[in-house]
Each structure stands twice: as C-alpha cells, then as structure tokens.
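Since every read-out is calculated from the coordinates, none of them should be taken as a lab result. These numbers were taken from a predicted model, which means no experiment stands behind them. When we count neighbours, we look across all protein chains shown, and the Cβ atoms used for this are built from the backbone with ideal geometry, even at glycine.
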Amino acid sequence: MNESIPDQFWEGVEQFNTRQFYTCHDTLEALWMEATEPEKTFYQGILQLAVALYHLGNANWRGAVILLGEGIHRLQGYLPIFSGIDVAELVDASSHLLAQLQQAGPEKVRDWVVTEEFNANSDLLPIITTVQPE
C-alpha cells in the first residue's frame, strides 16, 4: 500500500465496502478537501461513487446516474492500479452498474433497488479491492 495514503482513506474504503456510503462520504470529503494532486482527484472519484450509491439506496436514479458517471470519469486517469487500489476493477463494476441503471430508467429504479436480488447480491454493487505490489 502507498505510504502517502493516510489511514483515514482506508477507513473510507472499509465504509464503502460495508455499504456505509454516507459515512464514507464524510470520511473521504474531509480527506479530499485537504489533499493535493494526484490524490485529490482520486479521492474525489471514489467519493462520487459513494454518493452515487447513497443516492441509489434512496431510489434517486438521477443522482446515482450522474455521480456514477462523474466518478468513473475521474478515476479513468488512475487505471489500472493506484495506491494499492484495483481501479480498473472498480471502474468496470461501476460502469456495469451505470449501464444497468440507464437500462432500468428512473421510473423503475425504486422497484429495482428494493428487490431481494439487489440487496443480497454484492455483485450488483462495486467494491474497492486492494492489490499487493509484485
């Protein structure tokens, strides 16, 4: 793991992966506001994904779609791996979710979000995975 990445970031990763998206937002926003590049845009991309997933949990289709797109866009410059994070996998999973949301549309998002499949199947939501340096 990159030593320049503070422990607070890894706390945010844990919150993201345990679907505590609002708490993750608070954790990463504080970090993002103080960061410099290249970490600043990286934090912002992950922060936007967390907010998108928070919106999705509230059946806010528009907020989820917009912020997923913005987060994916910001993370493109960090592919495939940045600071021990598998960014390629995160972007791929987020892009897949974005495509599913776009296909479902705003009028079906509430039914889609409250299904057992969505809540039980972690494959539908992106997670942040770490990679060990070779």
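A Gaussian network model of the chain, with springs between Cα atoms under 10 Å, assigns the largest mean-square fluctuation among Leu90, Leu28, Leu79 to Leu79. Computing FRET efficiency as 1/(1 + (r/R0)^6) for Asn58 and Ile81, where r is the C-beta to C-beta distance and R0 is 41 Å, gives about 0.80. Within the chain, all pairs of alpha-carbon atoms sorted by distance into 5 Å bins from zero give the percentages 2, 11, 22, 26, 19, 11, 6, 3, 1, 0.
Pairs of Cα atoms in region 1-64 fall into 5 Å distance bins, from 0 up to the last occupied one, in shares of 4, 20, 29, 23, 14, 6, 3, 0 percent.
Using alpha-carbon pairs under 8 Å, 6+ residues apart, how would you state the relative contact order of the chain in percent?
Numbers: 166 pairs, mean separation 30.2, N = 134.
Averaging sequence separation for qualifying contacts and normalising by length gives 23 percent for the chain.
In this label model, Thr18 and Lys40 are separated by 3.1 nm, measuring between points 7 Å along each Cα→Cβ vector. Rounded to the nearest Hz, the phi-derived 3J(HN,Hα) couplings of region 24-32 under the Karplus curve 6.51 cos²θ - 1.76 cosθ + 1.60 (θ = phi - 60°) are 4, 4, 4, 4, 6, 5, 4, 5, 4, where x marks glycine and proline.
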